[in-house]
Structures are given as structure tokens and as C-alpha cells.
1. Only four residue types carry charge here, +1 at the Cβ of Lys and Arg and -1 at the Cβ of Asp and Glu. Report the dipole size of the protein assembly as shown about the Cα centre in Debye, rounded to the nearest 20.
2. Quick check on chain A: helices-only [θ] at 222 nm, where DSSP H runs of length 4 and up contribute -39,500 (n - 2.57) each and the sum goes over total residues. Nearest 500, please.
3. Which of the listed residues, B:259, B:4, A:208, is farthest toward the dipole's positive end in the protein assembly as shown, when Lys, Arg count +1 and Asp, Glu count -1 at the beta-carbon?
4. Assigning unit charges at the beta carbon (Lys, Arg +1; Asp, Glu -1) and nothing else, what dipole magnitude in debye, to the nearest 20, does the range B:129-286 show about its Cα centre?
5. How far is residue B:201 from the same spot in each other copy, in nm, shortest first, if each label point sits 7 Å from Cα toward Cβ?
6. Pairs of alpha-carbon atoms within less than 8 angstrom and 6+ residues apart define the contacts here; what relative contact order does chain B have, in percent?
7. When all C-alpha to C-alpha distances in the range B:129-286 are sorted into bins of 10 Å, what percent of pairs does each bin hold, rounded to whole numbers?
8. Return P(r) of the protein assembly as shown (all Cα-Cα pairs; 10 Å bins starting at 0; whole %; ordered from short to long distances).
2 protein chains.
Amino acid sequence: MSDGVTIALDAMGGDHAPRMVVKGADIALRRHPDIHFLLFGAEEKVRPLLAKRPRLASAVTLHHTDEVVADDTRPSLALRTGRQSSMRLAIDSVADGRADGVVSAGNTGALMAIAKFVLKMLPGIDRPAIASFFPTRRGESVMLDLGANVECDEENLVQFALMGDVFARTVLGLVEPTVGLLNVGSEDLKGNDAVRGASARLRGTVTPIHFYGFIEGDDIAAGTVDVVVTDGFTGNIAVKTAEGMAKLFGEFLEASFRHSLSARIGYLFARGALRKLRMRSDPRRYNGAIFLGLGGIAVKSHGSTDAFGFANAIGVAVDMKVNGVLDKIRIELGRLSEAPSAPEPRAVSTS
Amino acid sequence: MSDGVTIALDAMGGDHAPRMVVKGADIALRRHPDIHFLLFGAEEKVRPLLAKRPRLASAVTLHHTDEVVADDTRPSLALRTGRQSSMRLAIDSVADGRADGVVSAGNTGALMAIAKFVLKMLPGIDRPAIASFFPTRRGESVMLDLGANVECDEENLVQFALMGDVFARTVLGLVEPTVGLLNVGSEDLKGNDAVRGASARLRGTVTPIHFYGFIEGDDIAAGTVDVVVTDGFTGNIAVKTAEGMAKLFGEFLEASFRHSLSARIGYLFARGALRKLRMRSDPRRYNGAIFLGLGGIAVKSHGSTDAFGFANAIGVAVDMKVNGVLDKIRIELGRLSEAPSAPEPRAVSTS
């Protein structure tokens, strides 16, 4: 990373903004010392926070604006009226090349609508998808769409598969990631028209995708595939269901250790190991959802995250840039559109 | 339960049938001493298992058949050709009144298709839903549909809400259960046409349903509502995602306790409490999915369950009968169809 990466931050987005944003930027800077930040937000609130962090302050260019997109603003309204908002200005800086990517913990719908309008779609992609990492038995997988599209057709799912594949190869560094389509059963007959159609096309594809086939809900955590493809309605509900289960299990576990004197003593001996378990399933580690399919890098952080989680979301944007994910998706999409519709005959070696 | 309940069992359905079925019936009989069982299956396999259990044998009428619906048989084929199968004969016994309900751990699609054909739908219900209990922070909730219908419209979701409400009041014994519609956000604008339409109708309903509104995935485990209503595609994936997470968490926990000598010692002290935790999240406790909306009681057990899990599925069928769930759903549906379409003006007290 000798050239450095410039990341635009919506300083006013998120429940604990701008403090959490500034602190998160500081943590991210420690991890990636050559990031430069463009911060967009209320100068009178942000400046004092930077004053306490001279190292971060020297890596930041602050752009003042008073406008903020509220959490309950409709995306269409935010798009029309919020042109001087911290969110919009941060996205604009990616569009005009001043920044390599944008991170916001603000209103998800507004961020998606503005990013789509300002950054446009990659050629060959009809709709963006929200992608994120997911902890599994084997490490982590990529899952998309997590809520950008309530309804998806066969073509959308095929495009998501292709983007997820490139993402897994570049950001996760996997040589031949497996891609699975989330369904209610593994047999060909199962599911709706969209998943059956997408499956047929992915099986016959000329892209380099290693298509596993249909997977079921329990395959997500099992790590059966590296890339889980689904529509935004199902994906959003599945991921939030999993988060809810993790939280419930954590609470049950805590209650177990308060259960008796013996259990309390056991906790004292096991707490190092339990701390590791907690770290392993810490949702902040998986914070930072990518809007894949846009012509620029845009990452959404959980609105309720803390500085540690926000720093991870910044890390996702940096990884996207450093690994040249968008260029690689562009190349794959280009190959797909140039590819013959029937597989080419294999050359027979005569040597 | 002075009159006793007769339950028909598909002795040949499930990975470990018929041994698991017979053993499960024995466990269920200990819990509900006045059940009578009709067992349908291969006499030469079932008879020796009964011989070892004289108490159970005296509560069983065995009906021999050689035919079995295989796990990979298409539902339509099972319906046309499997008329002498153990599954079909068990369902027939409910239709002709010899049994009060049927339990099978066999092919889900075939069981649904045959049960729908033989037992018919309740008047006013267009499609059956698969309902099951789900562990939550507050105890347990009912969730439906878990996979009977890949696509659902507004009307289906409203009917599921009504059936889930009656089920929660009768089987869970709740006075005023809350009903929530699973969606990708809580705002009115969120989601697809089906959930938005169903929400509008449930808000204006003249049924006694206490409609909470939209809930999100993490609300399931949080126990935000008593009845979670969703389409079969999303519901199936959400429940299996949750099962996968519970399994992953259990594995992480086990690995944590093997992590160091100190953690192993901690385990020795805490194992009583941890056993309780395991019991609390044991999926066998939640085994037994109900096909709600049919004119008879049909319960599907997990195919891979053991005798303990199968006994719980039998318990669900017994509870359905004892609590008169079907009759109560019939009454509610009748009220719904008689109800005026506009809310009646409230009488003003003059006293």
C-alpha cells in the first residue's frame, strides 16, 4: 500500500456519530498507517474530537456541512433534498475521484439510493447487492444480497453469484471459491422460479464460477460454500435471524454460569477460553457490508456499532480498493458478455 | 384425558425407522398413559421391536404393509402410486376417524401432498402451513409457514396469522398472543406486496388477533412476538439458519473448553450448568411440525430425529387433539367469514 488509500467518511451517520466515527478512523489508521481520510460533517463537533488525536488529525481533511440525512428519511427524499448532507458529499467525493471509497453508518436505504445515483452501476449489473462476511465452521464466507433488493429474478441472482465469486477470490484470497444458491431443499425441483432458473444458468455457465448447487439455511453456518447467494428479502431475514440466535445463545451461556456456585468457579477457570469464544462470534468483527455492483466502493456500517466495529468497516473499504475488486468484477463481466453462449469445443492435443 | 387419544404412526418413515418410531412411542406412552397407537409398517420388522416392550405392545394395533414412501419419491408420484404405503394408510386412518392424528418422520413433500388430498383443507383456508415451536428469550413462540408454500400471497399470510393465533392460544395457553409478520424492516413501506398487504389487513381486522406489526429476523429469538408469520421460503431458510447457528455455537463452545488445562478444569465445575444449557437448546425438544389448515391432525417429525425427538412429535399431535385446536380454528374462521367488512360502530353506554 505504498500509494495510500483515501477513504471518505460520513462523520454524522450512526447512533454514536461523530465520536464513534472519529475514534473508528483512529483505530483503522493504526492498522493501515497510510490511509488518508476525507471527513464530512459538522466542523464544530468533529474538530474538538480530532484535536485530541493529533496523529489522526494529520491524516484527515475535514469538510464542513450542517446537513445530515436522518435515520427515518425516505431514500427518495434524501436523494432529492440532501445534496449538501454529509452522506451525499462523502459519496460525491468518490464519484469525482477524490476518494477511493466511502463508509457510512447512516440510513441504509438513503445510502443505497444516493450511491446508486451518484456512483452508477457497473456495466452489465442491473442491481447492486449488499454483501457481507459471515462466520462459519470453516472460517468465513461471503453472503449476498442482504437487503438491497426485496425481489430478485434469475438474472439478478446470476449477477450476484458472479460478483460474490470475484469478491471471495480477491478479498478472501480463495483460489476456487464455491458458490451456493440458498433454497428450501437441495433437489432441482425445489424453490421458486428465480432460484431454479439461476441454478440452471450457473450450471451451464461459461464463467469461471465453481457452482455448488442449492444449499439450505443450516449450510450457511456450516460453511458448506464460500459464497451464499440469495435475494435481499431472504438474505436480510436469514442474517438477522442468525444474529438473534448468537445473541440468545450468549445470554443463555451467561445465565448458565450464574446458575450455581460451582458454575461460577468453573467460569473463573474457563474465562480465557470463553473470552476467545466471545471474540470469535463478536458481530463487530463482521461489521461492514459492501454495496457490490456500483461503480465505486461504498461500505455500510451497522448504525449501532462502536469505534471497533466502524474501524472494521473502514478496513473492508480499504481491502476492496487494495485488491482492485471493482476492476476484477468489470473484467469478469466483460468476459461474460463476450463469451459464446454455447461452450467452445475442447481442443484435442495432437502432440 | 380420560377418553384417551388414538395416534396413527408411520412406522417406516425416518432415517432410523422403525426402531426409532417404536422407541419414541414407548417414551410418549410413559408421558401420556392413555394413548392408543395404530402402527402402519412391515410386521416382520415392527413385531420383534414390540415384543421387547409388552406395555407398549398392549397399547398398539399393528397394521401390516410392505409399501414405503422413499425419501426421494416425488410428492405427486407418492400420491398416485403409494396407496398402500405406511404413510398413506396412517393418514387414511385419520380421515376415516379411527385415529385422532398422524405422526410421520418420512418424506415431507409426500406427507403434505397426501395429507392435503386425504384430510382436505379446513373451510376458509386456501393452503396449509407448517408450524413449529421456536425457543426464545421469553420461552417459546410459534412460527409458520416453515416450508409448505414457496410462494405466499397476502391472503395466505392473513390465514396463517389467524391459525397461528388460535394455535398459540390453545396449545401454548396464551390469553392474548401477539402476532408479527417477518419482514426486512419495521416501517410500513418495507417489504414486498404480500407482507404489506397482509399487514394492512391484519391492522384492520375484525378477528381477535393482537397484531404487533412487522418484525425482523433478530426478533424471532428475542421473542418479540408469540406468533411469527412468514412465507414458506423465508421461514424454512430462517429456521434452518437458526439451527445451523445453534450447532456452530455448540461446537465453538466445546472447542473453547478443550482450549487449555484451565478451561478443562472450568468445564468440570460448570458442566451441570452447561448440561442445562444444552437441554434448553436441544433441537429435539422442538421436534414436531404441525400441518396447520388441514381437516385433520398431521405432524411431521424430523427425518433424522431419535426416539426422544419422535416422542415430542407425538406429544404435539396429542396436544393438538386434547386442546381441540382444529375445532377452535374452525370457529375463528367461521367468525371471520360472518364478520362485517367494516368495523361495527361502538355502542355508547348510556348508563
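Read the figures in this text as sums done on the coordinates, not as results from a lab. Everything numeric here is computed off the predicted structure, so don't read it as measured data. Quick reminder, even Gly has a Cβ in these numbers, built from the backbone with ideal geometry, and neighbours come from all protein chains shown.
1. Values: 82 positive and 82 negative charges, 536 e Å.
About 2580 debye.
2. Working: 13 runs with 165 residues, N = 351.
Helices in chain A give a 222 nm mean residue ellipticity of -15000 deg cm²/dmol.
3. B:259
4. Around 1220 debye, computed over the range B:129-286.
5. Output for residue B:201: 3.2 nm, nearest copy listed first.
6. 22
7. 11, 37, 27, 14, 9, 2, 0
8. 3, 14, 21, 23, 19, 12, 6, 2, 0, 0, 0
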